[in-house]
Structure formats: C-alpha cells, structure tokens
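Okay, structure first, notes after.
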Amino acid sequence: YQTLAGMQFNIANRVKKGMYLLYADLDNLKDINDTYGHQEGDKVLIETAVILKNNYRRSDIIARIGGDEFVVIPVGSDKDSVEIIMDRLQKAIDAYNKKGRLKYEISLSVGIAYYDPGSP
C-alpha cells in the first residue's frame, strides 16, 4: 500500500492535480471479537474487504492498514465521483446487512481527506 500510495502522491504532485483518500474504520470489531470470537471477527474483516473491493474500480487502491482500518485511494476521482462512490458503498453495506448473513450488522465510519499539491 505505502508504495502505491506514494506513487499516487508523486503523480498528483507532478501533474498538479489533487487526490482523495478515504479512511474507513470498521465499527465494533472489538465487540464482535469479544462476543463471537476472533474467527467471527476475521470473517467480518473479510466480508468488509469484499464489499470495498466490489464497490471500487480495479484501478483504485484498497488496503487494510490496521486491525479494523482500511484506506481507499480512488485514483483520478473528483469530489462528485467520491460522493457517488460513498453513496454506493453505503447502499452496498445496507444491502449486505439486509441479507442477514451475520449475527450483527457491518458498519463503517469513513473520513475523506483531499490532498492539494498546490498547498501540501
């Protein structure tokens, strides 16, 4: 991830075009681990990764960077497309939860940062 992200920052600086970074934290993973066990916690991590992968383009960078933390760099996206992506992601999570595959619901807390190479 760090290598790919670094490359995207270098490209943003070279072409003088900003980029977005999305930081997603899987809510309640500790509670899931404590209540249902770490095997179930691993399952929810995998399911979350699949949801992220299925809702972004192959060219986007998606990585798990910590225990319950994911980062997405939607390569070449502008503000409008990031908002569309976020809406689509929430709808995908809602649809997944309605299927009732898990004993709990998946939810993510997501922050969005914009990198402007003109004022780093």
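None of the figures in this text is laboratory data; all of them are computed from the coordinates on show. Keep in mind that this is a model prediction, so the values were computed, not measured. Because the Cβ atoms are built from the backbone with ideal geometry, glycine has one as well, and the counts that use them run over all protein chains shown.
Each residue in 72, 15, 110 was given a count of other beta-carbon atoms within 10 angstrom of its own, and listing them fewest first yields 15, 110, 72.
Structure note, pairs 30/91; 43/79; 30/79; 17/43: Cα-Cα distances above 27 angstrom occur for 43/79; 30/79; 17/43. A helix-only calculation puts the chain at -16500 deg cm²/dmol for mean residue ellipticity at 222 nm, using -39500 (n - 2.57) for each DSSP H run of at least four residues, averaged over all residues. 3J(HN,Hα) along region 109-118: 9, 10, x, 10, 10, 10, 9, 10, x, x Hz, from the Karplus curve 6.51 cos²θ - 1.76 cosθ + 1.60 with θ = phi - 60°, whole Hz, x for Gly and Pro. Among the trypsin sites (Lys or Arg not before Pro) within region 40-94, those in coil by DSSP and having at most 14 neighbouring Cβ atoms inside 10 Å are 57, 58.
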